[in-house]
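Values in this text are rule-based calculations from the coordinates and carry no lab data. It should be emphasised that the depicted structure is a prediction, and the values quoted were computed from it without experimental measurement. All Cβ positions, even for glycine, are placed from backbone atoms using ideal geometry, and neighbour counts span all protein chains on display.
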Amino acid sequence: MPIFKDSYVSSDSEQQFLAIAYYRLSKEAEKKTADNESDSISNQRKLVHAFLEHNPNITLVGEEYDDGYTGTNYERPGFRAILARVHAGEANCVIVKDLSRLGREYIETGKYLEKIFPELGVRFIAINDDVDSENSSSGDDLIIPIKNIMNESYCRELSKKLRRQFRIQRGNGEFLGAFASYGYIKSPEDKHKLVVDEYAAEIVKSIFSLKVKGMNQQAIANFLNENGILAPSEYKKSQGFRYKTGFQSNSAGKWSAVTIRGILTNPIYIGTLVQGKRGTPNYKIKKVRIRRPEDWVVVEKNHDAIIDPLIFSTVQKMLSRDTRTSPSEETVFPLAGVLFCGDCKGSMCRRSVTRSGKKFYYYVCGTNKHGRGCSSHNFEQKKLETIVLHAINNQVRIVVEMEQVLREINQKELSSARIKRLDLLIAQKEKDIDGYQEFRMKLYEALKDELIDRSEYERMRQKYAQMIEEAETGLKRLLTERQMTLSNEYKDDGWIAQFLKFNGLQELTREAVVSLIDRVEVYQDKQLRIVFNYRDEIARYQELIEQTKKEVG
């Protein structure tokens with residue numbers, strides 16, 4: 001039984017008080033073990049009831065509590081209920097175990113103790129801190145603020161520790177979210193690890209496939225809704241998760257273009273975990289803000305991928321380009337978003353012309369169409385698509401032949417040729433870095449000799465610092481590739497499968513265009529320049545093949 005000071009014991013002649021007891025338990029306290037048992041709601045209640053037995057002039061008329069709420073702000077349902085009852089005249093006394101149960105924010109807690117409660121005629125009692133506004137002494141004016149500052153300091157230090165801990169866990173690739181992204185679930189053995197949800201993963205693969213084939217986001221959403229596929233929120237609920245979202249919509253439970261885009265742009269599907277994108281500036285401010293990208297925690301190859309990185313990068317390129325569809329279409333045309341004017345580098349636009357009752361379609365320079373210059377050159381759609389189809393088949397044939405040669409060449413000989421090539425590139429990169437650093441050193445001498453002024457010095461110094469940084473990044477990548485080649489871990493032929501997939505293509509498709517072509521440039525003289533994806537990789541393999549043949553022959 002707690003021992004209470006005699007100053008609390010009252011006589012029958014004293015004023016009678018109607019009290020509401022308030023209990024609070026924070027989320028952090030819930031996670032602790034027996035060390036924090038005294039802070040449990042039940043123990044706070046026992047302490048208050050024992051106190052009331054020694055103070056017959058105080059009648060308990062109600063109890064309110066906030067379980068799992070922080071003390072750093074006063075937006076708590078239980079505490080707001082107390083204020084409502086006080087304003088309604090139902091109570092004129094508030095009792096807590098100690099000041100930290102009321103709150104841990106120094107300024108706001110002080111405002112309630114020194115202004116709000118006195119104005120409302122409320123007696124405030126914090127049992128363990130010996131605080132009673134009806135029996136206050138002159139020393140309390142100093143003691144109470146000090147205790148409030150100590151409570152706030154506790155919150156500040158706890159916040160720092162938690163932020164540090166979360167940062168470490170995120171850096172280790174531990175998933176800290178309440179719910180896994182659609183396509184994944186938390187591992188039953190370790191809630192901080194993500195494992196593939198086979199059913200949802202197949203839906204994610206379908207979404208990417210439909211996008212590559214040319215469907216826009218709304219068309220994909222409509223397709224999924226029409227086929228009875230549950231949207232992520234409804235799917236999580238169907239799996240027994242108590243899922244809640246901050247997004248409100250009139251079409252709750254339905255797929256939307258926004259949801260589809262969120263999936264298409266989420267790097268989690270290639271095994272990259274991005275966390276810490278949102279947060280609060282400090283423990284006092286509860287409004288969540290978007291953090292700067294450089295403050296995000298990114299861990300690559302953290303979990304099993306659902307989508308091939310090549311397909312993911314292709315989709316990102318598609319989303320970054322203007323490939324809107326007309327209201328009557330659900331898919332874009334095969335060349336949408338990859339056609340550019342070779343002269344002004346602006347996008348080409350599709351337009352129709354009717355002659356003798358028959359429609360013809362052309363691509364024209366968008367800059368000229370909108371009256372902003374360039375020339376009015378155009379290219380007939382069917383002819384253009386035929387030429388591009390022919391170019392794709394030629395490029396595929398080159399890669400097919402190259403792939404056959406690669407299979408015939410001894411892998412050891414190919415690795416040897418690759419190592420020699422990498423050694424040459426590494427030596428050149430190291431030479432470049434030395435040159436940049438030497439030139440940057442000479443800049444200061446030029447400044448001292450007044451050959452250049454301060455502004456020119458700063459501009460050139462920053463320029464060479466950036467060049468050194470880029471060269472060092474390139475060197476690190478080459479050294480990693482060399483190490484992986486030596487250990488037989490290096491594999492960069494995933495792009496070859498992209499070409500082989502379209503061997504014998506009979507008709508130009510959106511999937512073939514976005515998978516294999518970066519851009520098509522149309523010039524005024526009807527000349528075309530087709531820039532293929534993976535052109536550097538093709539050139540590198542062709543060089544390796546030639547080098548290997550020379551060494552073997």
*Mean Cβ count within 10 Å, highest first, over the residues of peptides 427-438, 443-454*: 427-438, 443-454
*asked:* Give me the extension gain from residue 195 to residue 369: residue separation times 0.36 nm, minus the current Cα-Cα distance, reported in nm with one decimal.
replied: 57.5 nm
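From the cross-link list 205/254; 213/236; 211/317, which pairs have alpha carbons spaced over 22 Å apart?
Numbers: 205/254 19 Å; 213/236 28 Å; 211/317 12 Å.
Correct reply: 213/236.
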*asked:* Take residue 460 and residue 304, extend 7 Å from each Cα along the Cα→Cβ direction, and tell me the distance between the two endpoints in nm.
replied: 5.7
*When averaged across all projection directions, what area in nm² does the alpha-carbon convex hull of segment 436-553 cover?*
14.5
*Would you mind computing, in nm to one decimal, how far apart the modelled labels at residue 518 and residue 356 are, each placed 7 Å from Cα along Cα→Cβ?*
4.3
*asked:* Quick check: convex hull over the Cα atoms of segment 363-510, volume per residue in Å³, rounded to an integer?
replied: 189
*If you average 1/r over all unlike Cα pairs in segment 416-462 and invert the result, what Kirkwood radius do you get in angstrom?*
12.5
_Kirkwood hydrodynamic radius of segment 290-407, from inverse mean 1/r over distinct Cα pairs, in Å_ = 18.3
*Using 0.36 nm per residue of separation minus the Cα-Cα distance, give me the extension gain between residue 206 and residue 81 in nm, one decimal.*
40.1 nm
_Per-peptide average of other Cβ atoms within 10 Å, ordering 336-342, 352-358 highest first_ = 336-342, 352-358
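Subtracting the Cα-Cα distance from 0.36 nm times the residue separation, let me have the gained length for residue 497 to residue 164 in nm, one decimal.
Working: separation 333, 0.36 × 333 = 119.88 nm, distance 4.35 nm.
Net length gain for the segment: 115.5 nm.
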